[in-house]
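S.K.: Next up is a structure, given as structure tokens.
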Amino acid sequence: MEKRVYIRTYGCQMNERESEGLRAVLGDCGYEIVSDEQSADIILLNTCSIREQAEAKAIGKSNLIGKNREKFVGIIGCMAQNLGETIYKKSPHTRLIVGPNGLEKIPEYLDQLIRNPDRRIMDIAPHVIDKRFAAAHDTKKVKTSVFVSIMQGCNMRCAYCIVPKTRGPEQYRSMEDIIDEVRWLAGRGTQEITLLGQIVNHYGMGKMPSIGGKSPFVQLLEKIQDIDSIRRIRFMSPHPDGFKGDLIDAYGNLSKLCPHVHLPLQSGSDKILRAMKRSYKREQFLSIVAALREKVPTISISTDIIVGFPGETEEDFQMTCDLFDGVKFDMAFIFKYSPRPGTVAERLGDQICQEIKEKRNQILLKKVEQYSKAYNESMVGTVKEVLVEGRARRGTGQFEGHTPEHKKVIFKGTEDRIGQIIDVYIEGSTISTFLGKII
Ligand code: SAH
Ligand code: SF4
Ligand code: F3S
């Protein structure tokens, strides 16, 4: 059997980052990474369990691939951890099941599977963070903007969420390891770093000291600020719970910290927040937003919202709408509640019918459209600093990059501009993209 591997990624940025690391370590172990399914011998699906639909999609895909006996499929990531052995029933040709914390073992497991065509392997045991895997990037493919994962797992128990089950308790990488990784990337041309964690601002909590009132997360931001050739710092996703004064001050003190924050709200009703076991109230959320806007008036604020959580009345939903109108999020992901096995909310059932969920979803999507349009229009006619990331997917001579607020801009450019921060005049916008001209 040849060793050509294709990795398909579902789910969040964490999965994207882990697929990237996996490509790098597989490449080091003699596997060839291909960019299309057809030419691969081994197909790994890096899966997500956040909603039922996410799992159904991956199972469907796996069964489709399974029709071709020449290829073999591995299911890795969150769904592997969540469903374990039952994957063999749902998708019988699957030969490899590995949870998100054991990905570093995949090259070794694939070697064994290639040697023994009748075997299958499952590893969903707890693993401590593997230092080498956590920092693995393909030396030849280091990009201008790179994700750096700083922790694994989540200690919260939001009533609806499966992540603590799929990724286990919080584990933090050491600050030295993270800084070494960022320096290594900076030395290869990376300009922008996005720090990743399920609750990225909980980094180091209870394990590393606060110094001078600064949490380990803010200390880490300061250390990255000091690395000369890194020009921009972002992070995903913080939790309102740990969004304290030191982090808000960082927006005033750290010139490289980008003026965009993705701050998941979930609901604007205190009753629902309590039922969801989110640890803040709407007023706290609003005061974080006010403090951020005081520091950086033009800051872009995006969020996640769940509609149709058990017990969500019209009144509760109205409170979410009111909060949305107050904050005017310029981007938001709206999710319809999906009961997940093993979560606290599972036993509450799925009380809100699809029709109401859909209606609430549409109402909020309209608001997202309205506020993102207003935000976008306010940018048209201005000049923005854009970090040129590469060629745009479409259009000859078209390049793309992001503004500090994380808005995507497409413009006519040249190859030599990649990796530079340039001034772009914003000529127009669609819902999610801007069209610009280099000045
Ligand atoms: N760690 C991040 C969220 C990760 S999951 C945080 O706490 O902010 C991404 C988003 O998926 C969540 O913010 C939530 O809005 C949504 N989500 C999680 N579980 C869900 C479920 N059971 N049904 C619908 N949406 C869900
Ligand atoms: Fe899930 Fe809550 Fe943890 Fe986010 S904070 S990953 S929503 S349990
Ligand atoms: Fe999905 Fe796992 Fe990310 S459940 S959202 S891939 S942490």
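S.K.: Check off (1) modelled with pLDDT under 95; (2) farther than 20 Å from ASN15 by Cβ; (3) not polar (S, T, N, Q) for LYS143 and give me the number that stays unchecked.
M.R.: (2)
S.K.: Of the conditions (1) over 30 Å from TYR337 (Cα atoms); (2) within 16 Å of ligand 2 (Cβ to nearest atom); (3) surrounded by fewer than 16 Cβ atoms within 10 Å (Cβ to Cβ), ASP226 fails just one. Which one is it?
M.R.: Result: ASP226 passes all but (2).
S.K.: For the condition at pLDDT 95 or above, charged (D, E, K, R) and farther than 25 Å from GLU314 by Cβ, what is the one hit in LYS214, LYS277, LYS281?
M.R.: LYS214
S.K.: Continuing with this model, one more query. Can you confirm whether LEU26 is within 16 Å of ligand 3 (Cβ to nearest atom), in contact (Cβ under 8 Å) with a residue 24 or more places away in the chain and under 25 Å from VAL148 (Cα atoms)?
M.R.: no
S.K.: Just for segment 284-312: of the residues that are assigned to a loop (DSSP other than H, G, I, E, B) and surrounded by fewer than 18 Cβ atoms within 10 Å (Cβ to Cβ), which one is modelled with the lowest pLDDT?
M.R.: Per the stated criteria, the residue is THR298.
S.K.: If the requirement is being open to solvent by 20 Å² or more (accessible area, probe 1.4 Å), in contact (Cβ under 8 Å) with a residue 60 or more places away in the chain and either closer than 19 Å to ARG51 by Cβ or among the hydroxyl-bearing types (Ser, Thr, Tyr) (or both), which of these qualifies: PRO404, PRO339? Spell out the reasoning first.
M.R.: Values: PRO404 fails: either closer than 19 Å to ARG51 by Cβ or among the hydroxyl-bearing types (Ser, Thr, Tyr) (or both).
When all the criteria are applied, what remains is PRO339.
S.K.: Could I ask something else about it? Only one of these is within 22 Å of GLU315 (Cβ to Cβ), over 23 Å from the mean Cα position of the chain (by Cα) and in a loop (DSSP other than H, G, I, E, B): ILE352, ILE363. Name it.
M.R.: On the way: ILE363 fails: in a loop (DSSP other than H, G, I, E, B).
Of the residues listed, the single one that is within 22 Å of GLU315 (Cβ to Cβ), over 23 Å from the mean Cα position of the chain (by Cα) and in a loop (DSSP other than H, G, I, E, B) is ILE352.
S.K.: Small (Gly, Ala, Ser), surrounded by fewer than 22 Cβ atoms within 10 Å (Cβ to Cβ) and within 16 Å of ligand 2 (Cβ to nearest atom): which single residue out of GLY66, GLY77, GLY27, GLY11 fits that description? Lay out the reasoning, then the answer.
M.R.: On the way: GLY66 fails: within 16 Å of ligand 2 (Cβ to nearest atom); GLY77 fails: surrounded by fewer than 22 Cβ atoms within 10 Å (Cβ to Cβ); GLY27 fails: within 16 Å of ligand 2 (Cβ to nearest atom).
The conditions single out GLY11.
S.K.: So, in segment 184-222, how many residues would count as being aliphatic (A, V, I, L, M), free of Cβ contacts under 8 Å to residues at least 40 places away in the same chain and buried (at least 22 other Cβ atoms within 10 Å of the Cβ)?
M.R.: Result for segment 184-222: 2.
S.K.: Related question: Contact list please: Cβ distance under 7 Å, first residue in segment 344-360 and open to solvent by 70 Å² or more (accessible area, probe 1.4 Å), second residue at pLDDT 95 or above, pairs at least six apart or on different chains.
M.R.: GLU346/PRO339; GLU346/ARG340; LEU348/PRO310; ASP350/PRO339; GLN351/PRO310; GLN351/GLY311
S.K.: Would segment 395-416 turn up any residue that is closer than 30 Å to ARG167 by Cβ and over 26 Å from the mean Cα position of the chain (by Cα)?
M.R.: No, because not a single residue in segment 395-416 is closer than 30 Å to ARG167 by Cβ and over 26 Å from the mean Cα position of the chain (by Cα).
S.K.: Identify all residues within segment 36-57 that are touching a residue at least 60 places away in the same chain (Cβ under 8 Å) and within 22 Å of ASN68 (Cβ to Cβ); write none if there are none.
M.R.: Across segment 36-57, the qualifying residues are ILE42, LEU44.
S.K.: Sticking with this structure for a sec: Of all residues in segment 380-439, count the ones that are within 29 Å of LYS366 (Cβ to Cβ) and not in a strand (DSSP E or B).
M.R.: Number of matching residues: 14.
S.K.: Does segment 131-145 include one or more residues that are crowded, with 17+ Cβ neighbours inside 10 Å, on the phi > 0 side of the Ramachandran plot and in contact (Cβ under 8 Å) with a residue 12 or more places away in the chain?
M.R.: No, there is no match, as no residue in segment 131-145 is crowded, with 17+ Cβ neighbours inside 10 Å, on the phi > 0 side of the Ramachandran plot and in contact (Cβ under 8 Å) with a residue 12 or more places away in the chain.
S.K.: If ALA332 satisfies every condition in (1) closer than 26 Å to SER372 by Cα; (2) assigned to a loop (DSSP other than H, G, I, E, B) but one, which is the exception?
M.R.: Here ALA332 meets the rest and fails (2).
S.K.: Can I ask one more? Please note which helices (runs of 4 or more DSSP H) are completely contained in segment 83-201 and include at least 2 residues that are within 14 Å of ligand 3 (Cβ to nearest atom).
M.R.: 163-167
S.K.: Restricting to segment 252-283, what's the tally of residues that are touching a strand residue (DSSP E or B) at 6+ places or on another chain (Cβ under 9 Å) and in a helix (DSSP H, G or I)?
M.R.: 2
S.K.: For segment 332-344, name all the residues that are among the small types (Gly, Ala, Ser) and more than 15 Å from ligand 3 (Cβ to nearest atom). Steps first, please.
M.R.: Residues of segment 332-344 that are among the small types (Gly, Ala, Ser), as a first pass: 332, 338, 342.
Result: ALA332, single match.
The values are calculated or read from the model by the stated rules, or taken from the named source; none is laboratory data. Note that the structure is predicted; figures quoted are calculated from it, not measured. Please note: Cβ atoms are built from the backbone with ideal geometry, for glycine as well, and neighbour counts cover all protein chains shown. All accessible areas refer to the heavy atoms of the entire protein, side chains included, with ligands and DNA or RNA removed. Shrake-Rupley method; radii C 1.70, N 1.55, O 1.52, S 1.80 Å.
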